[in-house]
1. Residue check, residue 319 against (1) assigned by TED's automatic domain parsing to the domain that holds residue 355; (2) buried (at least 16 other Cβ atoms within 10 Å of the Cβ), all met but one. Which one?
2. Taking the conditions exactly as written (at pLDDT 90 or above and loosely packed, with under 15 Cβ neighbours inside 10 Å), does residue 25 satisfy them or not?
3. Can you pull out the residues in region 250-289 that are in contact (Cβ under 8 Å) with a residue 40 or more places away in the chain and under 11 Å from the mean Cα position of the chain (by Cα)?
4. When you look at residue 150, is it free of Cβ contacts under 8 Å to residues at least 60 places away in the same chain and outside any strand (DSSP E or B), yes or no?
5. With a cut-off of at least 2 residues that are farther than 30 Å from residue 248 by Cβ, name the strands (runs of 3 or more DSSP E) lying wholly within region 30-122.
6. Would you confirm whether or not region 328-342 contains a residue that is loosely packed, with under 12 Cβ neighbours inside 10 Å and either within 30 Å of residue 83 (Cβ to Cβ) or free of Cβ contacts under 8 Å to residues at least 12 places away in the same chain (or both)?
7. Evaluate region 52-69: report whether one residue or more is touching a residue at least 40 places away in the same chain (Cβ under 8 Å), closer than 27 Å to residue 168 by Cα and more than 41 Å from the chain's Cα centre (by Cα).
8. Can you tell me how many residues within region 44-73 are under 15 Å from residue 194 (Cα atoms), touching a strand residue (DSSP E or B) at 6+ places or on another chain (Cβ under 6 Å) and surrounded by fewer than 20 Cβ atoms within 10 Å (Cβ to Cβ)?
């Protein structure tokens, strides 16, 4: 029985060895064939394109007024609510007017006294002017009386000026809003002593129905745009330049368009940039001062612009931008390019590419210069050159 079991084990082992040997045997002349790599391409087409630039900046209030006292005194009352909207001329603070009221009353009385003296002097001068013609008084007396009258007239003018000055100081005890807008927190409270022309503002008012957006542009970029305009590469469109699109921090577009107001004439030495100021309406006060935004401004229209997807651009060890192309032989080649500004998910190419060339946009990790590929347009259709090569390869395989 034991011998029979051993014989069966030997038979099974032999069968397994024969089976494995048969599986590993392959014809030595059979080669594994692999087809061309499939890639997505886009065929370049030069076309008129409005060249736009996106510049970073921050919002600032359209107008800002710091409320300061014009006279010294004790604050009697505050009349506004912090954070509310105030109107121009609205009473904000009342400074104790007692001293200034007394000064005004004194100046008013002095003016009345000066006017009484002037009235008496004028009547006397008129009387002497009549008497001097009849020789009832001497000409010397008449001249002295007329001089006294003119002195009284000057005293009246001085008294009027003193009363007006006192009236101004009295009016300054009512601290009013110089502009309409949102008023912030009060820096003082009732009973505080304030002084004329003090450095610390009592409160700050900001007008927010419009806002400024101050953005910075590189002086190099500004010079390049001017050169392109002079050379005719860019066509100027003043209407497009005046309209500015504001982009919020989350990338969404602000509903109100902005208007380019001016460009600074000096370059910031620390940053090498020029400041551009944009005015944008803010009816719902969605924008607040200090917010970070981006402004999309038109630089002009380039008639033969070439745009490529940003994903198709790579960079070499030298930091140079390059793309992979499919040439007429359906082979991959590398091309150094000079890329321009980003325009959404595309990039403007300044140099290195021509109309009609095919740029690889997907499958870049599977290709290298010199290999043959099968190219598909972004819409999924097979390109003409690659289709011809595939048909030739199929015919060749059939013939073999």
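1. So the condition that residue 319 fails would be (2).
2. no
3. 258, 275, 276, 277, 278, 279, 280
4. On the way: free of Cβ contacts under 8 Å to residues at least 60 places away in the same chain: yes; outside any strand (DSSP E or B): yes.
Taking the combined requirement at face value, the residue satisfies it.
5. Once the strands (runs of 3 or more DSSP E) in region 30-122 are filtered for at least 2 residues that are farther than 30 Å from residue 248 by Cβ, what remains is 37-43, 73-78, 91-95.
6. No, the conditions are met nowhere in region 328-342.
7. So far as region 52-69 goes, no, none of its residues is touching a residue at least 40 places away in the same chain (Cβ under 8 Å), closer than 27 Å to residue 168 by Cα and more than 41 Å from the chain's Cα centre (by Cα).
8. Total meeting the criteria: 1.
The values are calculated or read from the model by the stated rules, or taken from the named source; none is laboratory data. Remember, predicted model here, so these are calculated numbers, not experimental data. A quick note on method: Cβ atoms are made from the backbone with ideal geometry, for glycine too, and the neighbour counts reach across all protein chains shown.
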